[in-house]
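Chemist: Before anything else, here's the structure in question.
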Amino acid sequence: MSWELRERIRRGPARLLASRPTRQTRASTLQRLGIHRHPADEGYRIRSTGRRVGARRAKRVFPRRSALSLTVLIDAHHPSVDASLHEYRSGRTEEILMKTFVHRGQITKVVFGSGTRSRIPQEADALGCRRVLILCTPGQVEQAAQMRDLLGAAAAGTFTEAAAHTPVDVTEKAVAYARTVGADSVLALGGGSTIGLGKAIAVRTGLRQLALPTTYAGSEMTPILGETEGRRKTTRRLPEVLLNTVVYDVDLTLTLPMATSVVSGINAMAHAVEALYAQDRDPVAFLMAGEALDSLIRSLPVVARRPDDVAARADALYGAWLAGTCLGTVGMALHHKVCHVLGGTFGLPHAETHAVVLPHVVAHNGPAAPEAMARIAQALPGDDAATGLFDFAGRLGAPRALRDLGMPESGIEQAAELVMRDGYWNPRPVDRIAVRALLTRAWAGEAPSVSPGNEDPQSDSVIEASTTTGARHA
Ligand code: NAD
C-alpha cells in the first residue's frame, strides 16, 4: 500500500454504511476507500457490525432508508496486504487497522560526509581502541598508508592482503598478524572484501571494528559474514560481526573506477529492491529502500559520466548506506540466492553478477509484489520495473550477460538445480523451469520477461512463497 493510499484511508471513512453487506457491496466499499487493486476477499475484509444506523445518516451514503454499519478490517497476515501498513487508528471511527511487524534497529554508529576520515582517530578513541590494525587490498595501500599516518601511535600495523570472497586462509594469516602486533581493533578501508575480512577477524578474536567503506556494496551495515574455504562459500548472520563504527567519507570513493562504481551501485540497488518485498519487511526498511533507489537512480548516471562529481558520489554513497542497512535489517530472496550460487559455483564477480541478474528476478517476482514494483516504478518510471532496471543498467554500460562474466552455458542447469536445492523465502513461488528460463535469458543478455513458472503447489520442485526462511546471502 502506498503512502498516498494510506493517507486516503486516514482521511476517509473506515466505517461505511451500506444497504446490505453483500459481496458486491464489499467491493464497492473497498473502492470508496481507494482500494482498487485487490479483490474484496484478498487481504481486506468488510465486517458487518450488525448495528442498524439511523435512516438520515444512511441516506447520506446510500439511498436506502436503513443500513448496516460496516467496518473495514485489514488482514495483517494476508500476503497481498502491504507490510508497511501497521497499527493505524482511523480518526473518524477509532477503528484500529493493525499491521504487526518487527523492526530491528542498528547499533552501528554512522558518520557521513566529506573529509570525515579525519575523524577516525577520535572515533577509535571513543571506542577505547589504542592499537588499530588497518586492513586493505593490495590496490588500496596508498589510502591505507594515509590512515596509518593519521592514526599515528594508535596504528598497530597494516594488513594489505584482503581478497575477494574472504578466503579463510587469508583470515587466519591476518588473525596471526593481529596477535603479533597486539591489535585491539580493526579498521577496514575498502569494499565488501576488506570489510568481510574485518568481520572474519572479529568473529575469531572479538576485536572491535571500524570501517571506511569505499564501494557501494553495503557489507559494513550488515551482520552477514560470507567466507570461502576451498571452493565452498558459506554465509552466516551473526550479530557479533556488526561493526561498531562506520565512517563514510565520500572523498575515498572518488578513485573507484567508473565501471566498478556502476555495478557496485546496482549491487546496492538489488539490496533495496529485495528489501521492498522481503518477507520480514517493515515500514522503516520500506522507506529506506525506496529512498536508496531514488538516490542511486539519480546519482549513478552522473557518476558514470563524471566519476569525480562529489555531489553525485555523495548521493550514491548515501543510497548505498541505506541499501546496506536494508540488507542488514531484512531477509533477502531469490535474487540474492541466484547471485550467491553463481558467485560460489562459477567464481563470477560479485557486483557484476548482481547487475546482470536483478532485472530478471524482478520480472519473475513482479506479479507477486505489486507494492514493491510500484515503488521501483516511482523511482524509475517506465513500462515496468524489470524493463526499467534492464534499460537503466544498459544505459550505464553495465554488463548484461552472464556469459560475458565467464559463466559457461552448460552451467545453467547446474545453477538452476543449486538455486532450487535449499529452501528460502520468495514472494513468488520458484520452480526449476522458471529459474532455468531466467538464467538462460540472463546468460544470453536478453531482455527480462515474466516466466510462466510452475506454481502448482503440489509440485515438489516448487519453493512456495509462504514457507522457509529468508535467504541471507550477501
Ligand atoms: P571489493 O571489495 O572486492 O572491491 C573490488 C576492487 O575494487 C578491489 O580490488 C578494491 O581494492 C577496489 N576498490 C575498492 N574501493 C576502491 C576505491 N575507492 N578506489 C579504487 N579501488 C577501489 O568489491 P565489493 O563489491 O565492494 O565487495 C564484494 C565482496 O563483498 C564479495 O565477496 C561479497 O560477497 C561481499 N559482500 C558482503 C556483504 C555482506 O553483507 N556480508 C554485502 C555485500 C558484499
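The values are calculated or read from the model by the stated rules, or taken from the named source; none is laboratory data. These figures come from a predicted structure and were not determined experimentally. Glycine also receives a Cβ, built like all others from the backbone with ideal geometry; neighbour counts cover every protein chain displayed.
Chemist: Determine whether V284 is more than 11 Å from the ligand (Cβ to nearest atom) and either out of contact with any Gly (no Cβ under 7 Å at 6 or more places or on another chain) or in the same structural domain as M147 (by TED's automatic domain parsing) (or both).
Modeler: For V284, the condition - more than 11 Å from the ligand (Cβ to nearest atom) and either out of contact with any Gly (no Cβ under 7 Å at 6 or more places or on another chain) or in the same structural domain as M147 (by TED's automatic domain parsing) (or both) - is met.
Chemist: Still on this structure: Note down all Cβ pairs under 7 Å where the first residue falls in segment 265-287 and is closer than 16 Å to V102 by Cβ, the second is among the polar types (S, T, N, Q), and they're at least six residues apart or on different chains.
Modeler: Between residues of segment 265-287 that are closer than 16 Å to V102 by Cβ and residues that are among the polar types (S, T, N, Q), the close pairs are P283/S84; A285/T329; F286/S84.
Chemist: Kindly list the number of the only condition in (1) over 14 Å from P121 (Cα atoms); (2) more than 10 Å from the ligand (Cβ to nearest atom); (3) buried (at least 21 other Cβ atoms within 10 Å of the Cβ); (4) in contact (Cβ under 8 Å) with a residue 60 or more places away in the chain that fails for A174.
Modeler: (4)
Chemist: Something else: Out of everything in segment 93-121 that is outside any loop (DSSP other than H, G, I, E, B) and modelled with pLDDT under 70, what residue ends up being farthest from E220 (Cα to Cα)? If you could, list the steps in order and put the result at the bottom.
Modeler: From segment 93-121, those outside any loop (DSSP other than H, G, I, E, B) are 96-97, 109-113, 116-121; that's our starting set.
Next cut, modelled with pLDDT under 70 only: 96-97.
Values: I96: 38, L97: 36 Å.
If we take residues in segment 93-121 being outside any loop (DSSP other than H, G, I, E, B) and modelled with pLDDT under 70, then I96 is farthest from E220 (Cα to Cα).
Chemist: While we're on this one: Can you spot a residue in segment 320-331 that is in the same structural domain as R428 (by TED's automatic domain parsing) and closer than 21 Å to P429 by Cα?
Modeler: Yes, segment 320-331 contains at least one residue that is in the same structural domain as R428 (by TED's automatic domain parsing) and closer than 21 Å to P429 by Cα.
Chemist: A follow-up question, please. Does segment 253-266 hold any residues that are more than 6 Å from the ligand (Cβ to nearest atom) and outside any loop (DSSP other than H, G, I, E, B), and which are they?
Modeler: Once the filter is applied, which keeps residues that are more than 6 Å from the ligand (Cβ to nearest atom) and outside any loop (DSSP other than H, G, I, E, B), segment 253-266 yields M258, A259, S261, V262, V263, G265, I266.
Chemist: Any chance segment 269-290 includes a residue that's outside any loop (DSSP other than H, G, I, E, B), acidic (D, E) and surrounded by 24 or more Cβ atoms within 10 Å (Cβ to Cβ)?
Modeler: yes
Chemist: A further question on this structure: Given the structure, is Y216 aromatic (F, W, Y), part of a loop (DSSP other than H, G, I, E, B), within 15 Å of the ligand (Cβ to nearest atom) and at pLDDT 95 or above? Before you say what the answer is, go through the steps one by one.
Modeler: Values: aromatic (F, W, Y): yes; part of a loop (DSSP other than H, G, I, E, B): yes; within 15 Å of the ligand (Cβ to nearest atom): yes; at pLDDT 95 or above: yes.
So Y216 fits the description; yes.
Chemist: Could you list, in sequence order, all residues of segment 227-252 that are crowded, with 23+ Cβ neighbours inside 10 Å and within 9 Å of the ligand (Cβ to nearest atom)?
Modeler: L252
Chemist: Now, a different point. Does at least one position in segment 344-356 carry a residue that is outside the structural domain of G218 (by TED's automatic domain parsing), under 13 Å from the mean Cα position of the chain (by Cα) and surrounded by 24 or more Cβ atoms within 10 Å (Cβ to Cβ)?
Modeler: yes
Chemist: Taking the condition within 16 Å of A292 (Cβ to Cβ) and of a type outside the set (S, T, N, Q), does A379 pass?
Modeler: Answer is yes for this residue.
Chemist: Filter segment 159-169 for residues that are on the phi < 0 side of the Ramachandran plot, surrounded by 20 or more Cβ atoms within 10 Å (Cβ to Cβ) and either more than 30 Å from the chain's Cα centre (by Cα) or β-branched (V, I, T) (or both) and give the result.
Modeler: F159
Chemist: Just to be sure I understand the filter: pairs with C-beta atoms under 7 Å, separated by 6 or more residues or on different chains, first member in segment 177-205 and more than 16 Å from P223 (Cα to Cα) and within 16 Å of the ligand (Cβ to nearest atom), second member among the hydroxyl-bearing types (S, T, Y) and at pLDDT 95 or above. Which pairs pass?
Modeler: The qualifying pairs are L189/T214; G190/T137; G190/T214.
Chemist: For segment 137-161, how many residues are touching a strand residue (DSSP E or B) at 6+ places or on another chain (Cβ under 7 Å) and of a type in the set (S, T, N, Q)?
Modeler: Residues that pass the stated criteria total 4.
Chemist: Can you tell me which residue is farthest from Q140 (Cα to Cα) among those in segment 177-217 that are among the polar types (S, T, N, Q) and surrounded by fewer than 19 Cβ atoms within 10 Å (Cβ to Cβ)?
Modeler: T205
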